[in-house]
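Derivation of every value follows stated rules applied to the coordinates shown; laboratory data play no part. Bear in mind that the values here come from a model prediction, so they are computed numbers and not experimental data. As a convention, Cβ positions derive from the backbone with ideal geometry for all residues, glycine included, and neighbour counts pool all protein chains shown.
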Amino acid sequence: MDELGSFSVSLNVADLGASMAFYQTLGFRQIAGEVEQNWAILASGSTIIGLFQGMFPTNILTFNPGGAPDETDPDFTDIRDIQKRLVEAGIELSTTVEGDRGPGHFMLSDPDGNQILFDQHR
């Protein structure tokens with residue numbers, strides 16, 4: 001079975017500043033993102049939360065093959081291999097990875113309509 005990478009939740013937030021302040025009070029720290037572009041990635045230990053203002057209509061489950069933005073996994077399953085396995089298993093994708101290597105992403109929905117993002121940073 002493929003290693004799906006690190007897991008996080010991408011939250012659709014109404015006010016990035018208020019959400020960042022709330023999660024920082026809980027003990028999270030910013031590890032990536034561009035606040036001016038209305039997004040930030042926060043971490044507390046191995047727990048990662050993405051905050052996105054006005055970018056997505058719903059919350060999204062996120063997997064990062066190769067690791068989260070602040071970590072690297074030297075031996076990881078490329079996102080294209082994961083995509084290929086899912087398509088061969090009959091999973092319908094809403095977006096697909098372009099190119100044959102490097103960063104990329106694709107999306108799908110589970111049977112209940114929850115969106116799942118696979119997002120490879122390297």
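One table, with the values for the structure above:
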| read-out | value |
| --- | --- |
| Amide H partners (placed H, <5 Å) of Glu3, local residues excluded | Thr77 |
| Inter-label distance, nm, simple model (7 Å from Cα along the C-beta direction), Leu26/Asn12 | 1.9 |
| Backbone N within the stretch 1-21 under 17 Å of label point (7 Å from Val35 Cα along the Cβ vector) | 13-21 |
| For the stretch 94-103, 3J(HN,Hα) per residue [Karplus equation, 6.51 cos²θ - 1.76 cosθ + 1.60, θ = phi - 60°, Hz, x = Gly/Pro] | 8, 9, 10, 6, 9, x, 10, 6, x, x |
| Nearest 10 degrees, 0 to 90: helix 16-26 Cα axis against the chain principal axis | 90 |
| Which label in [x] 11.1; [y] 8.0; [z] 7.4 gives the computed mean projected area of the Cα convex hull in nm² | [y] |
| The stretch 9-122, dipole about Cα centre (Lys/Arg Cβ +1, Asp/Glu Cβ -1), debye to the nearest 20 | 120 |
